[in-house]
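Visitor: This is the structure I want to talk about, given as structure tokens.
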Amino acid sequence: MSDAPRIVLLPGDGIGPEIVAAAQRLLEALGRFEFDERLMGGCSIDAHGVALTDEVLDACKGADAVLLGAVGGPKWDTTDPDAPRPEQGLLGLRKGMGLYANLRPVRPSPALVGASPLREERIVGTDLLVVRELTGGIYFGDSGRDGDSAHDTCEYSTGEIERIARAGFEAAQRRAEGSGRRGRVTSVDKANVLETSRLWREVVSGLAGDYPDVELDHLLVDNAAMQLVSRPAEFDVIVTENLFGDILSDESAMLTGSLGMLPSASLGEAGSPGLFEPVHGSAPDIAGEGIANPLATFLSAALMLRHGLGRPAEAEQIDAAVDAVLERGLRTPDLAAAEEATVGTDAMTAAVLAEL
Ligand code: NAD
């Protein structure tokens, strides 16, 4: 029997297949893995009429980890509420695999600080983690149309809030370990308006006593959106609900100057497989051109090794190799300033492999 970890690859649509193939090369260079490539997203709609089949979901649940590219594209864009949509595959995976915590680290690479839309003095020192609740809230509540009106319902239970808040407090503890500083959790809600947010604040505050080494503060989401661009370096861990987290994590993503650099991890209960994917979408505008930036997917593979497979040393190797190629000045077009020379996906991948 093989003891190589079994990884389900879900390349998806657009640039997904290009960046996932590059990540597979990277992982093959690091060690032995058993890969099982499956359809999910628009490509699955074309083949099976649904974005995620039960068979693929079962394969994911039975794997050691799942590495995803991205899904979606104009081909499947529709306002018909009954037509299948690629995103249904993502939501189905999150729900089906019980992935309730989405972790998005945001730490601009020193070589890329100049690429941030913010002034350098604002961005320097930024190293934050957005912990987003992933399986509750308005994305999963009752929704529907009634004549010329429509509704989406936001619901949260104490249990749902408690487990994501604990994920946030524990992440803050891990990040502060050995640093001599206290971890800090900023819980983001809209408690001045929403009842779910008042319950959220109550539950998160009630847990703080279990984590005396972590400082807790609360921010309203509109204020958090402003603070993220005015003083990003002061955040440590941000914990928030699904919809707010979706928006704030994309805002944080732009702090680095390129979506093409940001990895994410979605985790469930201990011992169950996690899902690892770049934050960016399927970039249909550049699909097939060989210029997609594979680095966010490489960093997602590093998160997979660290959080999904318990192989932190290889994760470090990837992180260091990515930093090294950026230090050497290699840039895919999305990272490059107007006059800078650029490389494509293959050359970037080869350069990272050479640094391992
Ligand atoms: P996007 O992230 O795909 O693209 C935004 C811009 O960033 C584009 O100009 C694109 O070329 C560029 N870009 C993104 N990733 C890049 C990379 N790795 N290398 C180089 N450039 C990159 O967002 P969008 O345009 O809003 O959405 C396109 C499609 O992706 C839509 O169908 C959307 O629904 C889908 N989407 C999927 C996911 C996911 O699968 N998790 C996330 C977001 C959007």
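Matching residues to (1) in contact with a helix residue (DSSP H, G or I) (Cβ under 6 Å, 6 or more places away or on another chain); (2) farther than 20 Å from Leu99 by Cβ:
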| position | (1), (2) |
| --- | --- |
| Ser272 | no, no |
| Val279 | yes, no |
| Ala283 | no, yes |
| Leu295 | yes, yes |
| His307 | no, no |
| Leu326 | yes, yes |
| Gly329 | no, yes |
| Thr342 | yes, yes |
| Thr345 | yes, yes |
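Visitor: Also: Leu27: buried (at least 23 other Cβ atoms within 10 Å of the Cβ), part of a helix (DSSP H, G or I) and not basic (Lys, Arg), yes or no?
Guide: Here the answer is no, as Leu27 does not meet what is asked.
Visitor: Among the candidates Ala83, Ala63, Ala111, single out the residue that is modelled with pLDDT of 95 or more and either part of a helix (DSSP H, G or I) or over 17 Å from Pro263 (Cβ atoms) (or both).
Guide: Exactly one residue qualifies, and that residue is Ala63.
Visitor: Still on this structure: Which one is nearest to the chain's Cα centre (by Cα) among residues in the stretch 114-133 that are assigned to a loop (DSSP other than H, G, I, E, B) and in contact (Cβ under 8 Å) with a residue 24 or more places away in the chain?
Guide: Per the stated criteria, the residue is Asp127.
Visitor: If you don't mind, there's one more thing I want to ask. Please enumerate the residues belonging to the stretch 316-336 that are acidic (Asp, Glu) and either more than 16 Å from the ligand (Cβ to nearest atom) or on the phi > 0 side of the Ramachandran plot (or both).
Guide: Glu316, Asp319, Asp323, Glu327
Visitor: Another question about this same structure. For the stretch 276-309, name all the residues that are in contact with a Pro (Cβ under 6 Å, 6 or more places away or on another chain), charged (D, E, K, R) and touching a residue at least 40 places away in the same chain (Cβ under 8 Å).
Guide: If the condition is that a residue be in contact with a Pro (Cβ under 6 Å, 6 or more places away or on another chain), charged (D, E, K, R) and touching a residue at least 40 places away in the same chain (Cβ under 8 Å), then no residue fits.
Visitor: Right, another one. Being near the ligand (Cβ under 6 Å from one of its atoms) and small (Gly, Ala, Ser) is the filter; apply it to the stretch 278-295 and report the residue that is surrounded by the fewest Cβ atoms within 10 Å (Cβ to Cβ).
Guide: Once the filter is applied, the top-ranked residue is Gly281.
Visitor: Residue check, Pro312 against (1) touching a Leu at 6+ places or on another chain (Cβ under 9 Å); (2) free of Cβ contacts under 8 Å to residues at least 12 places away in the same chain; (3) within 25 Å of Asp77 (Cβ to Cβ), all met but one. Which one?
Guide: (3) is the only condition that Pro312 fails.
Visitor: Continuing with the same structure: Could you tell me whether any residue of the stretch 254-277 is at pLDDT 90 or above, near the ligand (Cβ under 9 Å from one of its atoms) and at negative phi?
Guide: Yes, there is a match, as at least one residue in the stretch 254-277 is at pLDDT 90 or above, near the ligand (Cβ under 9 Å from one of its atoms) and at negative phi.
Visitor: Sticking with this one: So which residues in the stretch 30-59 are polar (S, T, N, Q) and outside any helix (DSSP H, G or I)?
Guide: Selection gives Thr53 alone.
Visitor: Going residue by residue through the stretch 206-228, is there one that turns out to be within 11 Å of the ligand (Cβ to nearest atom) and within 23 Å of Arg163 (Cα to Cα)?
Guide: Within the stretch 206-228, none of the residues are within 11 Å of the ligand (Cβ to nearest atom) and within 23 Å of Arg163 (Cα to Cα).
Visitor: Pick from Ala341, Ala347, Ala321, Ala315: which is more than 23 Å from the chain's Cα centre (by Cα) and part of a helix (DSSP H, G or I)?
Guide: One residue alone meets the criteria, Ala347.
Visitor: On to the next question. Identify, from the list Glu133, Glu87, Glu120, the residue that is farther than 28 Å from Pro11 by Cβ and charged (D, E, K, R).
Guide: Result: Glu120 is the single residue among Glu133, Glu87, Glu120 that is farther than 28 Å from Pro11 by Cβ and charged (D, E, K, R).
The values are calculated or read from the model by the stated rules, or taken from the named source; none is laboratory data. All of these numbers come straight from a predicted model, not from anything done at the bench. Cβ coordinates were reconstructed from backbone atoms using ideal geometry, including for glycine residues, and neighbour counts include every protein chain displayed.
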